[in-house]
Amino acid sequence: SESGHDVRTGLDAASLSQAVCDYLYYFQGRHPATASRNDFYLATAYAVRDRLFQRGVQSLDALLHRPDGRTVAYLSAEFLMGPQLAANLVNLGIHDAMREALWRMDIRLEDMIEHEVEPGLGNGGLGRLAACYLDSLATLEIPAIGYGIRYEFGIFSQQIRDGWQVELTDKWLHLGYPWELARPERAVAVRFGGYTEPYTDEDGRYRVRWIPGEIVKGVPHDTPILGYRVKTCNLLRLWRAEAVQTFDFSAFNIGDYARAVEEQVTSETISKVLYPNDASPQGKALRLKQQYFFVACAIQDMLRAHLRFGGRPETFHKRWAAQLNDTHPTVAVPELMRLLLDDHGLEWEEAWDVTQKTFGYTNHTLLPEALETWPIDLFGALLPRHLEIVFEINRRLCDGIRRVYPGDEDRVRRMSLIEEQGRRSLRMANLACVGSHAINGVAALHTELLKSQVLSDWVAMFPERFCNVTNGVTPRRFVVVANPGLSGLLDRTTGDDWPVHLDALRRLEPHAEDAEFRRRWREVKRENKRQLAAVIRDRTGIAVDPDSLFDIQVKRIHEYKRQHLNVLHILTLYRRLKQNPDLDVVPRTFVFGGKAAPGYHVAKLIIKLITATGDLVNDDPDVRGRLKVVFFPNFSVKNGEMIYPAADLSEQISTAGQEASGTGNMKFSLNGALTIGTLDGANIEIRDEVGADNFFLFGLTADEVRSAKAGGYHPRGVYEQNEELRAVVDLIASGALAGGDAALFRSLVDGLLWHDPFMVLADYQSYVDCQTRVAALWRDPDAWSRMSILNVARMGKFSSDRSIRDYCERVWHVGPLGVPTEG
Ligand code: DL6
């Protein structure tokens, strides 16, 4: 109310202003006159959080009153949530009210938003997808909890020094993280190591108990996840590892202070840091400990809730639908079995039925190095009881295979949960497949390749388990929050329901023919580019022209994503200009961003190649500023929100068959960028939707890549037969980009010439030709805008709301639960 009484719940500027003031005074002990920017940011966040928790309590209450529905548990080692303030204001519908509230205190909301540090608890696509899905689950009013790890240090923060990536520790908790609430009273115990022993229970049944060697406490930290303009507020519950006994007084009393805190230090190590590898897991014991830690916490939490509300162990699956986000949480399968068998006394068949009905498994990559395996000795030492259960699952699985395929021992070997070659190891993807009732890939092509290649044996035996769910992204964060200019224009043109009915953007189509509308469309883009140019100037010192074509590739740095193919094109243009400085080229700003795994040398060298290309090109007098190459440091969700809206051209140029889906491709297109891309991942479906005429396609197909490789691909031959390619590769090899040091990029060049596993040279000419078509279209601004408008108009399919509806229907069999208005 205007009187300011609704200090915890009011949504008007007066209440909000009062709430922020109260927090400053009574929670932080600050006077507005002396409060720092961080003080104001925290007070603002707390005021918003009150309104979230109010809805969270109501949502839980609604759930309690209808205890028969299923709740989704999204199990994920990564959640890349991004900044929370602006997104929560938008979802609450109080962005303007809060701006006004702060303005009354002489504070700019933009400064608060800018000040926020994001929790980088993920590497890339997989973690960000989990965050988009939480947003959609809440928006669709589906009861859900995201379970994961509260890493003290998330993904490293990236600096560029002398053109190289330098990793700094991420300090997201440094100034306090106001969005979460620790719930120490909800802590659970997690056991590791030790041994098992058989015993006979009072009914004379054979049972097993696990005597652990170590016990760690998992403390939940809850972040409320509010849907867009609905009352449903779900939870992200991240677990922090702590010592059970934080202080060993017996050790302390005899003066051994160091040993007294030792247990605490080792326990807390579990949730200390996110492994910064995007697609190739390190077989580190600590990583397995992390995986079991959060999964054990989650399953205990789920089982506790189920039993508390009157459920029985054998109906667990009727309450919970649990999704395995890749294989990282797969130890949940033997963990649920263990609890049902050992703690609740179910028979094997019954426990297995419950387990399979509970889990679904999403695969996110075909890269062979990403298929997780754990050495049996390591797994058994850490989880001795789980290993026994895995062996029994495997025994039954192999028996089943032999029944269906008598004599086919090769098949048994391939499908076995245990890899017997070399160091015996446990194949997590096979465990996920056998333990789940549903298995899905993340785009149509990816699912097809999974079915025909990596998991073909599983398809043959369990065809009914397989389905596709193409990824999606949340239009709230990636358009409403990130691109207010475009959002306003869309609201005015199509009505304001598109953030929750993205198909409504189809209404834009007729406006593509309206010259005045196209002019306004360009104005929005131009303003976004102007803003990005200012930030680029600020962070890199490079001046770029907002009127040039912004050609952008932001994503993890990986050979299969082929940032170096992009560089070959840039150097091609550069050489043409050197040969003829008067050549009429389209002025372009090439922006790259993305992190390389710290141990991935080639990826780090590619970053150096990009920055070296910038050094060569940016100030060359012959170029006359027409080409600029920028490496935007520390790509993150927050930086992405600035970058996607400013793009003209989206680079989605992975080798066909390699990118499972991609989601950046969707974020760009939704913000009006045109895509240059291969027939890979979700690019294929994007092109199907926007129309082949509105998509710049190049390169080999996945089939062609396979046959080219089977037929003996000779990249050296491609190089020798293409004069321009040869000149560009020679330029890199010459040391001209490395101050004359011909050795610097030698390994990269040799890799391309002699192996080129990702077909960079094979796709070079097709890519360069396609870029020529891009340039030609750019010269016709009306044609470009028309295409850009049609791209946005036809992106409805790629809302994560659609993906979540698909999961609900095909995998989880759950429906929405509305929260009553009065609660
Ligand atoms: O499904 C989300 C995302 C896809 O869009 C990307 O194509 C894919 O590379 C990514 N995978 C990972 C690494 N996964 N593992 N394991 O992030 O998933």
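Here are some notes:
- Remark: the chain carries a charge dipole of roughly 100 debye about the Cα centre, counting +1 on each Lys and Arg Cβ and -1 on each Asp and Glu Cβ.
- Selection among Cys808, Tyr713, Ala743 by position relative to the dipole of segment 667-823 gives Cys808 as farthest towards the positive end (Cβ unit charges, Cα centre).
- Rg and Dmax of segment 1-138, Cα atoms only, in Å: 16.8, 52
- The chain: relative contact order as a whole-number percent, Cα under 8 Å and 6+ apart: 13
- Peptides 14-27, 345-358 ordered by average Cβ neighbours within 10 Å, highest first: 14-27, 345-358
- Scattering profile of segment 148-217 at q = 0.17 Å⁻¹ [log10 I(q)/I(0), Debye over alpha-carbon scatterers]: -0.87
- Solvent exposure of the chain as accessible area per residue, Å², 1.4 Å probe: 37
- Here the accessible area of the chain is 51 percent carbon and sulfur, with a 1.4 angstrom probe and all protein chains present.
- All alpha carbon pair distances within segment 283-355 were sorted into 5 Å bins beginning at 0; the resulting P(r) in whole percents reads 3, 16, 27, 25, 16, 8, 4, 1, 0.
- Share antiparallel - DSSP beta bridges, the chain, percent rounded to 5: 45
- Only beta bridges with both residues in segment 475-798 are counted; by DSSP, about 0 percent of them are antiparallel.
- Expressed in units of 2.2 N^0.38 Å, where N is the residue count, the Cα radius of gyration of segment 475-798 is 0.97.
- Cβ-based charge dipole, the chain, positive-most Cα from Gln323, Leu490, Asn671: Leu490
- P(r) tail for the chain: Cα pairs beyond 45 Å make up 28% of the total.
- Checking the cross-link pairs Lys284/Lys608; Lys529/Lys667; Lys171/Lys638; Lys561/Lys595; Lys638/Lys667 against a 20 Å limit on the alpha carbon distance flags Lys284/Lys608 as lying beyond it.
- Where labels lie 7 Å past Cα in the beta-carbon direction, separation of Glu314 and Arg108 in nm: 6.5
- Label-reachable residues, segment 488-511, where backbone N falls under 17 Å from a point 7 Å from Glu809's Cα toward its Cβ: 501-504
- Calculated FRET efficiency for the pair Arg205/Asp410, C-beta based, R₀ 60 Å, to 0.05: 0.95
- With the convex hull drawn over the C-alpha atoms of segment 684-813, the volume per residue is 183 Å³.
- Diffusion of segment 446-496 by Stokes-Einstein, at 25 °C in a medium of 0.890 mPa s and with Rh set to the Kirkwood radius over alpha-carbon pairs, works out to 175 µm²/s.
- Rough spin-label spacing in nm, given labels placed 7 Å along Cα→Cβ, for Arg526 and Ala381: 6.6
- Each peptide in 738-747, 481-490 gets a packing score, the mean of other Cβ atoms within 10 Å over its residues, and the list from highest to lowest is 481-490, 738-747.
- One chain, two ends: Met642 and Ser707. Fully extended at 0.36 nm per residue, the span grows by 19.4 nm beyond their Cα-Cα distance.
- Rg to Rh, two decimals, where segment 516-562 supplies the alpha carbon set and Rh follows Kirkwood: 1.10
- Diffusion coefficient of segment 526-685 by Stokes-Einstein, Kirkwood radius over Cα pairs, 4 °C, 1.567 mPa s: 82 µm²/s.
- Ranked by the mean number of other Cβ atoms within 10 Å of their residues, highest first, the peptides 68-74, 236-242, 178-184 fall in the order 236-242, 68-74, 178-184.
- Pairs of alpha carbons in segment 65-218 whose separation is greater than 26 Å (percent): 52
- Each of Ala762, Ile686, Tyr195 was placed along the dipole of the chain (beta-carbon charges, centred on the mean Cα), and the one lying farthest toward the positive end is Ile686.
- Spacing of the modelled spin labels on Gln54 and Thr269, each 7 Å from Cα toward Cβ, amounts to 4.6 nm.
- Lys171-Asn722 FRET efficiency (beta carbon distance; Förster radius 45 Å; 0.05 resolution): 0.40
- Under 19 Å from the Gln282 label point (7 Å along Cα→beta-carbon), backbone N, segment 152-177: 152-159, 165-171
- Efficiency of FRET between Thr772 and Gln28 - r from beta-carbon atoms, R0 51 angstrom, step 0.05: 0.30
- Over segment 243-401, the Kirkwood radius and the radius of gyration, each from Cα atoms, give a ratio Rg/Rh of 1.03.
- If you look at the Cα atoms of segment 512-595, you get an Rg and a Dmax of 15.5, 43 Å.
- Dipole magnitude (debye, nearest 20) for segment 475-798, charges at Cβ of Lys, Arg, Asp, Glu: 800
The values are calculated or read from the model by the stated rules, or taken from the named source; none is laboratory data. For clarity, every value in this text was computed on a predicted model and none was experimentally measured. Ideal geometry is used to build each Cβ from the backbone, glycine not excepted, and the neighbour counts take in all protein chains shown. Only protein heavy atoms, including side chains, enter the accessible area calculation; ligands, DNA and RNA are left aside. Shrake-Rupley method; radii C 1.70, N 1.55, O 1.52, S 1.80 Å.
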